[in-house]
Amino acid sequence: MAMEGPEYYPTLHIDPDGWKEDKFWSTTSFRSEIPLPYYSQSEYDIRNKPVVPFESAIRGGVFMARNCHSKNSRERVMLELQDLATERKTLQIDSVSTCVNNAHLPAGANDRNKTSIMDK
C-alpha cells in the first residue's frame, strides 16, 4: 500500500486482465477492484467532532503536498482549481504546504501532521 501511484512504484500497476489469473488490487486508485479511500478512521477521527452548520462552513478546500514535482501533475491540477475558484468566486482553495503555496498554516498547526492542520 502506498499513497503514491505506479509512476513511483511500478509494482502498483493494475493489470486490467489480472482478474483472469485471480489477481485483484486494493489501492487508492479507482481502477482497483477494491478502491481504498485515502482516509483512516483511526487516524482521522471525525465522528467525535462537532457538526459545522452549512451556513457557517468555509466553502473551500486545502491542498497539502511535500513532493512538488509529482509525476501525476497534481500541482498543475491544483493551480487550475485555484484559478477557477478565483474566477468564479464561489470557493477558496488554499495550499498550506511548500507546493503551490498560497496560504499560511493555521496558528498552532504542525506542518508535519496533517491531522493537526485539518483540526484547525
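The values are calculated or read from the model by the stated rules, or taken from the named source; none is laboratory data. Note that this is a predicted model, so its numbers are computed, not measured. Counting neighbours? That spans all protein chains shown, and the Cβs are built from the backbone with ideal geometry, glycine included. We work out accessible area using only protein heavy atoms, side chains counted, and drop any ligands, DNA or RNA first. Shrake-Rupley method; radii C 1.70, N 1.55, O 1.52, S 1.80 Å.
Tabulated data for the structure shown
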| item | result |
| --- | --- |
| Within region 1-116: Cβ-based charge dipole about Cα centre, in debye rounded to nearest 20 (Lys, Arg +1; Asp, Glu -1) | 340 debye |
| Set of region 87-119 residues, backbone N closer than 15 Å to the point 7 Å along the Cα-Cβ line of D45 | 115-116, 119 |
| Three-way shape label, the chain, alpha-carbon gyration tensor, a/c 1.5 | prolate |
| Label-to-label distance, nm, for residues given as F24 and N113 (7 Å Cα→Cβ offset) | 3.7 nm |
| Calculated [θ] (222 nm, deg cm²/dmol) that DSSP helices of n ≥ 4 give over the chain, each run adding -39,500 (n - 2.57) | -5000 deg cm²/dmol |
| Percent carbon-and-sulfur accessible area, the chain, ignoring ligands, DNA and RNA, probe 1.4 Å | 55 percent |
| Local net charge near L81, Cβ-Cβ under 13 Å (Lys/Arg +1, Asp/Glu -1) | -2 |
| Accessible surface of K23 - all protein chains present, 1.4 Å probe, nearest 10 Å² | 100 Å² |
| Anisotropy class of region 64-120 from Cα gyration tensor, a/c 1.5 cut | oblate |
| Unit charges at the beta carbon, dipole of the chain: most positive-side option, L91, P16, T27 | L91 |
| Gain upon complete extension [Y9, T86; 0.36 nm per residue less C-alpha separation] | 24.2 nm |
| Cross-link partners of K49 among lysines (Cα-Cα below 17 Å; sequence separation of 8 or more within a chain) | K114, K120 |
